[in-house]
Amino acid sequence: MADDTTDTKSSNQMWGGRFASGPDAIMEEINASIGFDKKLFAQDIRGSIAHATMLAHQGIITTDDKDKIVHGLNTILSEIESGNFEFSRQLEDIHMNVEARLATLIGPAAGRLHTARSRNDQVALDFRLWVKEELQKTERMLTDLIAAFLDRAEEHAESVMPGFTHLQTAQPVTFGHHCMAYVEMFGRDRSRVRHAIEHLDESPIGAAALAGTGYPIDRHMTAKALGFREPTRNSIDTVSDRDFAIEFLSIAAIAGMHLSRLAEEIVIWSTPQFGFVRLSDAFSTGSSIMPQKKNPDAAELVRAKTGRINGSLVALLTIMKGLPLAYSKDMQEDKEQVFDAAESLELAIAAMTGMVRDMTVNTARMKAAAGSGYSTATDLADWLVREAGLPFRDAHHVTGRAVALAESKGCDLAELPLSDLQAIHAAITDKVYDVLTVEASVASRKSFGGTAPSEVRKQIAFWRARN
Ligand code: ARG
């Protein structure tokens, strides 16, 4: 009878010391992360170079071994970058793929690299470095998007459009003011990004498996070499923590929600019924059957990407929620969620920046729509308060009667003859017509943060100084 402790497959060369046989094929498939974590190759190699340099500095390995390790790692970096590296699923993940190749390249010295570290702090390091770079990229991309909106806001500080609540015409606003609402939203997203960078700016390497190490390592040295502010302060938390990934996903979800609201407005505005904007050919598509169509596909896909990003956030929160401290293999599932959300977010921001810069704004259509729906009714009520001394509630009632009359005559408020208005309230004079135009309406709203062109210009200046 065959001895079932032997197997034709050999055990894992990195951790297989106590294993007599290799993994089942399904085990290998469920265990391997190389298919996606190869994305971390540059961070893995950077981390290993910093670790080896520190080990030599502390006298834990020789300078000779360190030199061999660093040289070998740089060779591997160029092999991967030039596409001349063979990734192996048997070697599970990026960390062991790199280390195995290092052993082939430099021999036994390679085995000294993993002194005083574990894959648990190694993966925490690589992933943090990746997320940090992604956050920095997101910050730059949001800055571009804000700049695009600032340019459109400046151009349209005086262009009047209908402001909506419940998607019903409410009061006239300026298109510049509406653009600046998005500047505020993406400005908040960018400050969340900056806070997240501050939160994650601590180096995990040296936490080892979970308890730290007996070797005389210098974690401040590796932290500095890798561009972190300082090392993390608790080795158990360090290898258990994925808050930095969850924060990235939360920020992505909130920014995605903002992008999706913008996408929805662009979809509405670009319909022939609204006709407020016309998308450039670069950001729309035609229909294969209906020749007249110009579809806002990019905006629709931005709206949809938000669903994927939200899914990633919920997935990672769920992966983490029941895990005891410290590391569990469940945590390997963190990466795909973050990689996918990062790709979606980048695409969505880039597409929106392009659309905002390229779209043609139809100011005539906007202005015509701004005057419909009795949008200056509030201005009439305010005039009655200011000029005729009515309490606002009474003024509201009088205005309501004027709107009803205009509606029954099928005309605008400004088209009602003075005699009609005076029949509703005797204090009304022909001065009232000055406030019934949409331009007068927006110009009057000079309260801080209001829609008057003068106020909008102040806010543009505020953001220009910060962008
Ligand atoms: N591929 C693993 C991950 O992404 C690396 C850490 C493995 N650590 C371990 N003790 N098995 O999480």
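The values are calculated or read from the model by the stated rules, or taken from the named source; none is laboratory data. Owing to the predicted nature of the structure, the values given are computational and were not obtained by experimental measurement. All Cβ positions, even for glycine, are placed from backbone atoms using ideal geometry, and neighbour counts span all protein chains on display. The accessibility values were calculated without ligands, DNA or RNA, using every heavy atom of the protein model including side chains. Shrake-Rupley method; radii C 1.70, N 1.55, O 1.52, S 1.80 Å.
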Quick one: which residue in Ala181, Ala170, Ala255 is in contact with a helix residue (DSSP H, G or I) (Cβ under 8 Å, 6 or more places away or on another chain) and either open to solvent by 10 Å² or more (accessible area, probe 1.4 Å) or over 17 Å from Glu133 (Cα atoms) (or both)? Ala255
Result of the Cβ filter at 7 Å on region 161-176, keeping first residues that are touching a residue at least 60 places away in the same chain (Cβ under 8 Å) and partners that are aromatic (Phe, Trp, Tyr) and open to solvent by less than 30 Å² (accessible area, probe 1.4 Å), at least 6 apart or interchain, is Met161/Phe175; Met161/Phe276
Suppose we keep only residues that are open to solvent by 30 Å² or more (accessible area, probe 1.4 Å) and of a type in the set (Val, Ile, Thr) within region 315-338. Which one would you say is farthest from the ligand (Cβ to nearest atom)? Thr318
Looking at (1) among the basic types (Lys, Arg); (2) surrounded by 22 or more Cβ atoms within 10 Å (Cβ to Cβ); (3) within 16 Å of the ligand (Cβ to nearest atom), which is the only condition Arg89 fails? (2)
Given Asp281, Asp218, which one is modelled with pLDDT under 95, surrounded by fewer than 22 Cβ atoms within 10 Å (Cβ to Cβ) and more than 24 Å from the chain's Cα centre (by Cα)? Asp281
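Being away from the ligand (no atom under 12 Å from the Cβ) and open to solvent by 20 Å² or more (accessible area, probe 1.4 Å) is the filter here; which residues of region 115-129 pass it? Walk me through how you get there before you give the answer.
As a first pass, look at region 115-129 and keep what is away from the ligand (no atom under 12 Å from the Cβ): 115-116, 128-129.
Passing the criteria: only Thr115.
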Pairing a residue in region 66-93 that is aromatic (Phe, Trp, Tyr) with any residue that is open to solvent by 40 Å² or more (accessible area, probe 1.4 Å) and outside any loop (DSSP other than H, G, I, E, B), where Cβ atoms lie under 6 Å and the two sit 6 or more apart in sequence or on different chains, gives Phe87/Lys38
Single unsatisfied condition, Ser159 versus (1) open to solvent by less than 10 Å² (accessible area, probe 1.4 Å); (2) in contact with a Ser or Thr (Cβ under 6 Å, 6 or more places away or on another chain): (1)
Being under 24 Å from the mean Cα position of the chain (by Cα) and within 16 Å of Met359 (Cα to Cα) is the filter here; which residues of region 284-301 pass it? Ser284, Pro296, Asp297, Ala298, Ala299, Glu300
What are the pairs with Cβ atoms under 9 angstrom where one residue, in region 324-336, is closer than 16 Å to Ala209 by Cα and the other, located anywhere, is acidic (Asp, Glu) and near the ligand (Cβ under 9 Å from one of its atoms)? Sequence gap at least six, or different chains. Gln332/Asp37; Gln332/Asp93
